[in-house]
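A.B. asks: One structure, as structure tokens, below. Some questions next.
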Amino acid sequence: MTDLATALAAPGQPAAYLAALERLVDDTIGVKLFTLMALDRARGVARRSHSNMPDAYPVSGEKPFPDNDWMTVIEAGRTFVANDDAAVAATFFDHELIRSLGCGSCLNLPVTVDGEVVGTLNCLHDAGHYTPDRVAAAESLKLPGAVAFLLARAQAPAAMETAYA
């Protein structure tokens, strides 16, 4: 957490904090592909506010909310795990791109602020990577994730306005 506090105090926000958050996520549960998605409920999309693979998943890219079990992330604030290619393919329309990046599992961690899920930390890795122990450890990432979304909102209130509507 010291790295996060140091990063948050540094100039160059939110990039410095997001880089520190990504390191924390990797150290805590492991990640190959890491994105943050802010929810735009009015439009039914999630908007990417950070990506460690911007060529494949650019910042400001959007994905529609899938009409499947993933919606428990938004509706009930439950962590979603798909731990093999078949589960990823059944959930995400971009499963071929995900697989091409060497990822066969995902963990989508909902981040709640003021009683509402405002976004997700999306962590992808090899098939079978997100074990029950890693899923439990991911809970510790919710507060640092909330800081990331609040920081993004403070830095770009107009851009984030609809994401929190």
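The values are calculated or read from the model by the stated rules, or taken from the named source; none is laboratory data. Predicted, not measured: the structure shown is a model, and the values here were computed from it. With ideal geometry, Cβ positions are generated from the backbone for all residues, glycine too; neighbour counts draw on all protein chains shown.
A.B. asks: Look at region 36-95 and say how many of its residues are of a type in the set (Val, Ile, Thr) and within 22 Å of Val147 (Cβ to Cβ).
C.D. replies: So the count comes out to 4.
A.B. asks: Would you point out which residue out of Asp69, Asp40 is without any contact (Cβ under 8 Å) to a residue 24 or more places away in the chain and in contact with a helix residue (DSSP H, G or I) (Cβ under 8 Å, 6 or more places away or on another chain)?
C.D. replies: Numbers: Asp40 fails: without any contact (Cβ under 8 Å) to a residue 24 or more places away in the chain.
Criteria check complete, one pass: Asp69.
A.B. asks: On to the next question. For Glu139, state whether it is exposed (fewer than 13 other Cβ atoms within 10 Å of the Cβ) and either modelled with pLDDT under 95 or hydroxyl-bearing (Ser, Thr, Tyr) (or both).
C.D. replies: On the way: exposed (fewer than 13 other Cβ atoms within 10 Å of the Cβ): yes; either modelled with pLDDT under 95 or hydroxyl-bearing (Ser, Thr, Tyr) (or both): no.
Considered against the rule, which asks whether it is exposed (fewer than 13 other Cβ atoms within 10 Å of the Cβ) and either modelled with pLDDT under 95 or hydroxyl-bearing (Ser, Thr, Tyr) (or both), Glu139 comes out as no.
A.B. asks: Just to be sure before I move on: is Ala7 touching a helix residue (DSSP H, G or I) at 6+ places or on another chain (Cβ under 7 Å), buried (at least 19 other Cβ atoms within 10 Å of the Cβ) and at pLDDT 95 or above in the structure I sent? Let's see the steps before the verdict.
C.D. replies: On the way: touching a helix residue (DSSP H, G or I) at 6+ places or on another chain (Cβ under 7 Å): yes; buried (at least 19 other Cβ atoms within 10 Å of the Cβ): yes; at pLDDT 95 or above: no.
Criteria not met by Ala7.
A.B. asks: Please go through region 45-66 and pick out each residue that is among the aromatic types (Phe, Trp, Tyr) and in contact with a Ser or Thr (Cβ under 7 Å, 6 or more places away or on another chain). Show your work before the answer.
C.D. replies: Just the residues of region 45-66 that are among the aromatic types (Phe, Trp, Tyr), to begin with: 57, 65.
Correct list: Tyr57 only.
A.B. asks: Restricting the first residue to region 1-29 and requiring it to be closer than 21 Å to Leu109 by Cβ, which pairs with a second residue that is surrounded by 17 or more Cβ atoms within 10 Å (Cβ to Cβ) and among the charged types (D, E, K, R) meet a Cβ separation below 6 Å and a spacing of at least six or different chains?
C.D. replies: Ile29/Arg134
A.B. asks: Arg134 - would you say it is basic (Lys, Arg), buried (at least 17 other Cβ atoms within 10 Å of the Cβ) and closer than 27 Å to Pro14 by Cβ? Quick ask: steps written out before the conclusion?
C.D. replies: Values: basic (Lys, Arg): yes; buried (at least 17 other Cβ atoms within 10 Å of the Cβ): yes; closer than 27 Å to Pro14 by Cβ: yes.
Yes; evaluated as a whole, the condition is true for this residue.
A.B. asks: Further question on the same structure: Against the conditions (1) buried (at least 19 other Cβ atoms within 10 Å of the Cβ); (2) hydrophobic (A, V, I, L, M, F, W, C); (3) in contact with a Gly (Cβ under 8 Å, 6 or more places away or on another chain), where does Ala127 fall short? Just the number, please.
C.D. replies: Here Ala127 clears every test but (1).
A.B. asks: Let me ask something else about it. Can you name every residue in region 124-158 that is of a type in the set (S, T, N, Q) and either touching a residue at least 12 places away in the same chain (Cβ under 8 Å) or over 25 Å from Ala89 (Cβ atoms) (or both)?
C.D. replies: Looking only at region 124-158, we keep the residues that are of a type in the set (S, T, N, Q), and these are 131, 140, 155.
If the condition is that a residue be of a type in the set (S, T, N, Q) and either touching a residue at least 12 places away in the same chain (Cβ under 8 Å) or over 25 Å from Ala89 (Cβ atoms) (or both), then Ser140, Gln155 are the ones that fit.
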